[in-house]
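Presented below is the structure to which this report refers.
The values are calculated or read from the model by the stated rules, or taken from the named source; none is laboratory data. Keep in mind it's a predicted model, so treat the numbers as computed, not measured. Note: ideal-geometry Cβ built from the backbone for every residue, glycine included; neighbour counts use all protein chains shown. For the accessible areas, the whole protein counts, side chains as well, though only heavy atoms, and no ligand, DNA or RNA atoms are used. Shrake-Rupley method; radii C 1.70, N 1.55, O 1.52, S 1.80 Å.
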Amino acid sequence: MDAEHVQVPRPGLRGIWRNVLGLIFVALCVAPHAGRLTRPSLYSDDVIRVAQLQTIPLTELLLRPFNEHIAPLFQLVSWVTWQACGHRLTAAPYAFTAASLAPFLLALGALFALVRREARSATAGLLACSAFSLSAVHLEAAWWYSGSSFTWALLATIVAWAWTIRALDLREAGEPSRNAWVVAAVSAMAAPAFSAIGLLAGPVAMVRAALDPRLKGREKTGAIIPLVGTVFYLAGAGLLRYDSILTASVHHNGDLVGGILAAMRAPADVLFPGFLGVANLDGLLGGGFDIAITSILLAAVTAWCSRSAARPAIVTGLSLIAGGYALTYCVRNQFGSHWLLEVQRYHLFPQLGLVLILAMAARRPLARLDGRPLAAMGFAASIAAVLLAVQIHRIREAGRPLSFPAQARSLIALEDLEQICRHRHLGRDEIVASLPPVRPRWFPHDGSILDMIPASPSSGRAPAEVLRIVLDSLAPRDLESLLGGMDATALLAFEPAPLEGRTIARGNLIASVGVRAEGPARWRAGAHRALLDFQLDRSAEGTARHLCIPGLDPAHEVELWWAGDREPWTEARSIRWAAGAPGATAIPLDRVPHWSAGHAHRVRLVVKSDGPIVVEAPRLLR
């Protein structure tokens, strides 16, 4: 028959609908995460990583500890991402946000393959992917670059588990399994090279192999092979004195009893409510109720597991929940259990374990749909739509702390400052020394976002001269963008006396959250966080030289924002300070380079305190 007469089979109508439903399913699972790319940002540790990439060569960076992690593979991912964005700060949010989503999408594909094999059901694999993807419980591990180190470790853990099963399948079929065991061991070695939580990969794969009924007697010693990868990583890290790093971290942050109690509370407080789109319930289920609920659920799963053919997968899922919480909570409990339960990335491994257990529980009814692909895909898309409807509000709320509208302008200003350094032959260290630390909300650490400027040789100029060059070279808007969130703690001064004779404007409260009146121009704020907006009404002429805010001595941290009458609030016009010397409540405005009297008709105070505090109306003083 001639080639031109060969009939190419066309997919039937059912096949077309199945493909359409498949695309809808993928779109439902991915859509909330794709939206993150429209609001990319750097946050917290990301700034430190960029600063290191600007100043440290790759050969040194790979083996440089980061907190309690020796993670050369994640350092390599950071370096590759930095090269991809062309060493440009303005492109960094897009590049690093995309890099944070990449391992999450890869993990979804690996999860589907793993659940399909363990449950013997492709439908179960699809539902596991939707349940894992459409959850706010572990969102920061997918949306925040530094948090994605957990996701890379999770991906390597899934690969180690999957290839352990592959090795057992090959062995059962009488085929060589050595290569599969090697892949499992290498994956277990790679997991902690992304994040220390990956130390679970080897033990998890070992548990899965040891419980497999196909290994009997002495054959079970082969289950230790994945653990060899973990041992190799620890041996290599030990050469870099990893033991001393872990010891120091545990000594500073560790709390074994508190960590275990928090681990027992987490499933009832966060993990299970998270499937219903409900936020942390530790305040509602306190007093031991959450521990009792977790114990009851554990007993029920254990009883079911003892007579289930899926026991190896169920026990391995339980080990992910227990190990995921124990390995983080027992060594990072420096701020108490509520803080631990709020850290989203700490729920990533337990979430995987819970999804696998639920998939094993539903595998038999779901397997009946596998023979009807159209019905299976329609059911999976319907479940994904329901999950999205339930979770979308929590996903948006959980992702809101990673949104920083003013950050883009700050990065542009930093690039402008980099050009000033190059053209005026200023050194990076001179710039950092001449300007106050800048710590906007997207960098809640010591140090400064100015550290992201690339290294350059020193010019030998005095700090005052360097400061004058910088201030003269930047436009007012760029100066605001550069210094918004400036730390003014070192500028705090004692209020000039007398106040009444020097006051030219007094604040009148126009809006507040978390405060109550306690006399004329006095308000009491409760513990934690309070917000007060004031209108500055002029009572005398003159140039303001100080902004005085009496009554803030016990405050843990204060943010001061300013804006014109009809202007929106922006962090570019703000400073912050920590508790200073008792009685030091005045800010000398000539030391705040981006202060502008023309944009200071209103001021906003954001007060963070460990206990109740009295706030008085701010004043502008001559």
To check my understanding: the extent here is largest minus smallest coordinate of the Cα atoms along each principal axis. What are those three numbers for the range 332-391, in Å, largest first? 52, 24, 12
Based on the Cβ-Cβ distance of Tyr94 and Lys220, what FRET efficiency does E = 1/(1 + (r/R0)^6) give at R0 = 51 Å, to the nearest 0.05? 0.55
Which net charge results when you count Lys and Arg as +1 and Asp and Glu as -1 among the other residues whose beta-carbon is under 14 Å from that of Cys330? 0
Mind checking the full-extension length gain between Val386 and Leu276? Use 0.36 nm per residue of separation minus the Cα-Cα distance, one decimal, nm. 38.6 nm
For the ranges 390-401, 262-273, 428-439, 513-524, what's the packing order if you count other beta-carbon atoms within 10 Å of each residue, average per peptide, and put the highest first? 262-273, 428-439, 390-401, 513-524
Convex hull of Cα atoms in the range 406-486, direction-averaged projection (nm²): 4.7 nm²
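Hey, what number do you get for the chain at 222 nm if only DSSP H runs of n ≥ 4 count, each worth -39500 (n - 2.57), divided across all residues, to the nearest 500?
Value at 222 nm, helices only: -16000 deg cm²/dmol.
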Angle, helix 122-133 long axis vs. longest principal axis of the chain, Cα atoms, 0 to 90°, nearest 10? 10 degrees
Can you pull the accessible area of Trp339 for me, 1.4 Å probe, Å² to the nearest 10? 80 Å²
Diffusion coefficient in µm²/s returned for the chain by Stokes-Einstein, Kirkwood Rh over C-alpha pairs, 4 °C and 1.567 mPa s, is 47 µm²/s
Tell me, what are the semi-axes, in whole angstrom and largest first, of the equivalent ellipsoid of the range 491-621 as set by the roots of 5 times the Cα gyration tensor eigenvalues? 20, 16, 15
Could you compute the FRET efficiency for Leu106 and Arg241, with r as their C-beta to C-beta distance and R0 at 25 Å, rounded to 0.05? 0.20
Each label point is 7 Å from the Cα along the Cα-to-Cβ direction; what then is the distance between the points at Asn179 and His425, in nm? 6.1 nm
Contour excess over end-to-end distance, with Cα ends at Arg14 and Ala493 and 0.36 nm allotted per residue: 164.9 nm
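For Ser458 and Ala292 in the same chain, what is the full-extension length gain: residue separation times 0.36 nm, less their Cα-Cα distance, in nm?
Length difference between fully extended and current span is 53.6 nm.
Between Val30 and Ala578, what is the FRET efficiency for a Förster distance of 45 Å, r being their Cβ-Cβ separation, to the nearest 0.05?
0.60
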Cys129 accessible area, 1.4 Å probe, all protein chains in place, Å² to nearest 10: 10 Å²
Spin-label pair Phe335/Leu374, simplified geometry with 7 Å Cα→Cβ offset, distance in nm: 5.3 nm
Can you give me the Rg/Rh ratio for the range 31-402, using Cα atoms for both radii and the Kirkwood formula for Rh? 0.96
How much net charge surrounds Ala268 when only other residues with a Cβ under 11 Å from its Cβ are counted (Lys, Arg +1; Asp, Glu -1)? -2
So what is the accessible area of the range 504-622 per residue, in Å², with the probe set to 1.4 Å? 44 Å²
